[in-house]
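The values are calculated or read from the model by the stated rules, or taken from the named source; none is laboratory data. Quantities reported herein were computed from a predicted structural model and do not represent experimental measurements. Quick reminder, even Gly has a Cβ in these numbers, built from the backbone with ideal geometry, and neighbours come from all protein chains shown.
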């Protein structure tokens, strides 16, 4: 099945599968069962089998799935062979954490530049990533197509307009603001407060044995 026909819920789980399978290959394992995958990534076996069926990976009873085949598919689907440069906007506490981490577990994404309004941060580096003043955004952004926003909500729309005007096509938004973008730009909103509230809600109202159904 073509990648664009894979359901979005399935697509979001692909990086989880990829990371676990990559570790299995490093360990020299050639096959894996849906049960093993289920226990590792915390997704029920039926969902895994359905996800894999979308791209023709049909496991065999008593054998499981071929690790090399699955990794080949995920590597192509997730563009693991192609490095994606990312810009970080806002070098506060959260932004600094991103720079220190810099997605070292995912070798296809790398923060290559960061921007902040604080002049004292301009010209410095965190985790080897150069930090520029926000006024230099258009000059320093280059061909970066993906950006992470960790800035005050009141600045989100203005900065987004500048990013879009420079050709950015994907934004990971950690601000509470619901930014507006053209149809050809994709935004993923990550509101940590809402995620935490949802977690507490599920803990209170759903029994633990139902967690797989929620996923």
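Of the residues screened, residue 110 is not one that is part of a loop (DSSP other than H, G, I, E, B), in the same structural domain as residue 169 (by TED's automatic domain parsing) and either farther than 30 Å from residue 72 by Cβ or within 20 Å of the chain's Cα centre (by Cα) (or both). With respect to the conditions (1) under 20 Å from the mean Cα position of the chain (by Cα); (2) assigned to a helix (DSSP H, G or I), residue 137 lacks only one, and its number is (1). Among the conditions (1) part of a helix (DSSP H, G or I); (2) modelled with pLDDT of 95 or more, the only one that residue 151 does not satisfy is (1).
Condition check: surrounded by 17 or more Cβ atoms within 10 Å (Cβ to Cβ), in contact (Cβ under 8 Å) with a residue 40 or more places away in the chain and over 30 Å from residue 48 (Cα atoms). Does residue 111 satisfy that? Considered against the rule, which asks whether it is surrounded by 17 or more Cβ atoms within 10 Å (Cβ to Cβ), in contact (Cβ under 8 Å) with a residue 40 or more places away in the chain and over 30 Å from residue 48 (Cα atoms), residue 111 comes out as no.
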